[in-house]
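**Q** Let me begin by handing over the structure; questions about it come next.
The values are calculated or read from the model by the stated rules, or taken from the named source; none is laboratory data. What you see is a predicted model, and the numbers here were worked out from it, not measured in a lab. For neighbour counting, all protein chains shown are included, and Cβ atoms are generated from backbone atoms with ideal geometry for every residue, glycine included.
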Amino acid sequence: MQKEQIIDHHESFKVWLNELKLIHEKEWLQPMEEGKWSIAANVSHIIKWDQYSLREILSQPLEGAELPPFPDFQRFNGEAEEYAHHVVNQTALIEEGIKTRNSLITYVKGLSDNDFHQSFKVGDQGFTLEEFFEDFMGHDKHHQEQIEEVVSAEKAW
């Protein structure tokens, strides 16, 4: 994966986030399916993982690093959902996401091509920096597709 591809992904993601400002608040907060998260919780989940990555992983010298394991997913994601529903409004959450993506873009722009080959561990999971970004970009696309499906269905009404 090329550095420019990572930057382009994050730039496109910012545009997509900005488009989510057009979603009505009712749709923003309702579950996307029975027993599932809302669009708000999904977006918050992505942003909170971005912030975690910037703070706990990408802020470290990575080559050979053995970092603490990822936090408990259920608790972490529950906190992201709580944040989206009870702490921040739609516009503020989206703006926070755009700001966080700007930080990721700045980070990536500061990397050399060789930096993407750095190997490190988060808990017992091994990554190169390139693999780490690929995983999180796949995660983004997964949630974007879920949200787009709901938004498209709403528009069809």
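**Q** Give the number of residues within region 49-63 that are surrounded by 14 or more Cβ atoms within 10 Å (Cβ to Cβ), of a type in the set (S, T, N, Q) and at pLDDT below 95.
**A** So in region 49-63, the residues surrounded by 14 or more Cβ atoms within 10 Å (Cβ to Cβ) come out as 49-54, 56-58, 62.
Next, from what is left, pick out any that are of a type in the set (S, T, N, Q): 51, 53.
Those left that are additionally at pLDDT below 95: none.
Of the residues in that region, 0 qualify.
**Q** To continue, here is another question. Check off (1) farther than 24 Å from Phe132 by Cα; (2) at pLDDT below 95; (3) in contact with an Asp or Glu (Cβ under 8 Å, 6 or more places away or on another chain) for Ile39 and give me the number that stays unchecked.
**A** For Ile39, the exception is condition (2).
**Q** Quick one: in region 64-98, of everything that is loosely packed, with under 13 Cβ neighbours inside 10 Å and part of a helix (DSSP H, G or I), which residue is nearest to the chain's Cα centre (by Cα)? First the steps, then the outcome.
**A** Initial filter on region 64-98 (loosely packed, with under 13 Cβ neighbours inside 10 Å): 64, 66, 68-69, 72-75, 82, 86-87, 89, 91-92.
Next cut, part of a helix (DSSP H, G or I) only: 73-75, 82, 86, 91-92.
Details: Phe73: 14, Gln74: 16, Arg75: 17, Glu82: 16, His86: 20, Thr91: 17, Ala92: 16 Å.
Among them, the one singled out is Phe73.
**Q** Show the residue pairs meeting these rules: Cβ distance below 6 Å; 6+ apart or different chains; first residue within region 41-52 and more than 14 Å from His85 (Cβ to Cβ); second residue of a type in the set (Ser, Thr, Tyr) and modelled with pLDDT under 95.
**A** That search, which allows pairs on different chains as well, returns nothing.
**Q** If you don't mind, there's one more thing I want to ask. Out of Asp8, Asp72, report the one residue that is closer than 22 Å to Lys121 by Cβ and acidic (Asp, Glu).
**A** Details: Asp8 fails: closer than 22 Å to Lys121 by Cβ.
Testing whether each residue is closer than 22 Å to Lys121 by Cβ and acidic (Asp, Glu) leaves just Asp72.
**Q** Report, by residue number, each residue of region 99-127 that is closer than 16 Å to Gln5 by Cβ, assigned to a helix (DSSP H, G or I) and without any contact (Cβ under 8 Å) to a residue 60 or more places away in the chain. Reasoning before the result, please.
**A** Looking only at region 99-127, we keep the residues that are closer than 16 Å to Gln5 by Cβ, and these are 101, 104-105, 107-109, 111-113, 115-117.
With the extra rule that they be assigned to a helix (DSSP H, G or I), the set shrinks to 101, 104-105, 107-109, 113, 115-117.
Tyr107, Asp115, His117 - these are the residues of region 99-127 that are closer than 16 Å to Gln5 by Cβ, assigned to a helix (DSSP H, G or I) and without any contact (Cβ under 8 Å) to a residue 60 or more places away in the chain.
**Q** Conditions first: (1) part of a helix (DSSP H, G or I); (2) at pLDDT below 95. Glu130 passes all but one, so which condition is the exception?
**A** The failed condition is (2).
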